[in-house]
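The structure under discussion appears below in the form of structure tokens.
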Amino acid sequence: MPEFEMPRESSRASVRAARAARSPIDDGSEAPRGRARLIAGIVASVALLLGAGASAMVQRAAADARAADSDAVARLAAQYLDAIEDGRAADATALVPVEGDEALLVDAVLGAAVRISDAVVRRVDVGGDGATVQVAYRAWNGPVRRAIDAQRTPEGWRLTTSLAEPVALEAEPVFGVGPSIAGLPLAVRGASLLYPGLYLTDAARAAVWTLSPARVAVDGDPSTVTNPVAMQLAGASSPLPAMVDLAALHLAACRDAGACVPAPRGLDARLGETTWSSLGLAGDGGVAGRIGSAAERAGEQVEVVVDVLATATGRGAVAWSCAGPVPLDDAGTAPFGPCGGAPP
């Protein structure tokens, strides 16, 4: 009986089974595909790292730009505060534009004031093309904090909030003379701008009157009230006592010599209690006083008036003229002429 060669057949079947069990797509390229996936992962990781680095660089660049903007605005604000603190009004106005009457925003006026001190820039907030600066300083009335705006322009940053405040007159100038600071008059109509400071107006002469200096207080904060400027007449400067004395002399001269022009017919002028009844501005800077006194005409008590005009002639000299005496009902009808009697 022939021998059964089982081992050889079994060997071929095993080979076929092994081939059949192999995956149809398994062509022996497993190692190259693994390397490709590894490279792809590395590329993705590098891309992520590069993206994160670029984002960080963008953020850093933005932070650096904001810091540069903040520094630029802070420097401008410090320069502005220093100019006001030093009395350099022209430099302050060049840094920050103003709207209004800037005739008093000059070095001579600001330099004569009690100015701000201890000025500092506390914080700068930048947002896009705008910025807000928080500043602080000590004014005449104590600490002040303000917010100053700034705007980016093609030429660079520029402050847009001025610390100058408008100052108005309380009333019309006294006897034609308005207040002035360092020789420069405040605006009669509207208001004059002034930087923060405590100012004094100039002493002035209005005909025969002396005007006392007035205090002008500006703190640079629009939320506080800036009181209007009021000129005051110096108490010792009034020409009224001289007017009353001169009216009495004029009445006496009229009574004694009939020298007054015109002399009321039948008037027996006698000096009673002489008082003034009105005082006001006459033309050309003169001050006129109407002085009343008791008189007698045909046995009847009447009140007469003498108008006395004082006009400043320069260098402190005063020219005097008189009109009357006339009955009160005829006041204002007599022309002015030389005063009777010796001048006071």
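Selection of region 67-98 for residues being touching a residue at least 60 places away in the same chain (Cβ under 8 Å) and either of a type in the set (K, R) or farther than 10 Å from Y195 by Cα (or both) yields D69, S70, A72, V73, L76, A77, Y80, L95, V96, P97, V98.
Here is a yes/no grid of residues against (1) touching a strand residue (DSSP E or B) at 6+ places or on another chain (Cβ under 7 Å); (2) closer than 24 Å to A94 by Cβ; (3) at pLDDT 90 or above:
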position: G130; (1), (2), (3): yes, yes, yes
position: P143; (1), (2), (3): yes, no, yes
position: W157; (1), (2), (3): yes, yes, yes
position: L184; (1), (2), (3): no, yes, yes
position: A187; (1), (2), (3): yes, yes, no
position: G190; (1), (2), (3): yes, yes, no
position: L193; (1), (2), (3): yes, yes, yes
position: A206; (1), (2), (3): yes, no, no
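In this entry, T153 is excluded by the filter for residues that are open to solvent by less than 60 Å² (accessible area, probe 1.4 Å), touching an Asp or Glu at 6+ places or on another chain (Cβ under 6 Å) and not aromatic (F, W, Y).
The values are calculated or read from the model by the stated rules, or taken from the named source; none is laboratory data. Only a predicted model underlies this, so the values are computations on that prediction, with no experimental measurement involved. Quick reminder, even Gly has a Cβ in these numbers, built from the backbone with ideal geometry, and neighbours come from all protein chains shown. With ligands, DNA and RNA removed, areas are computed over all heavy atoms of the protein, side chains included. Shrake-Rupley method; radii C 1.70, N 1.55, O 1.52, S 1.80 Å.
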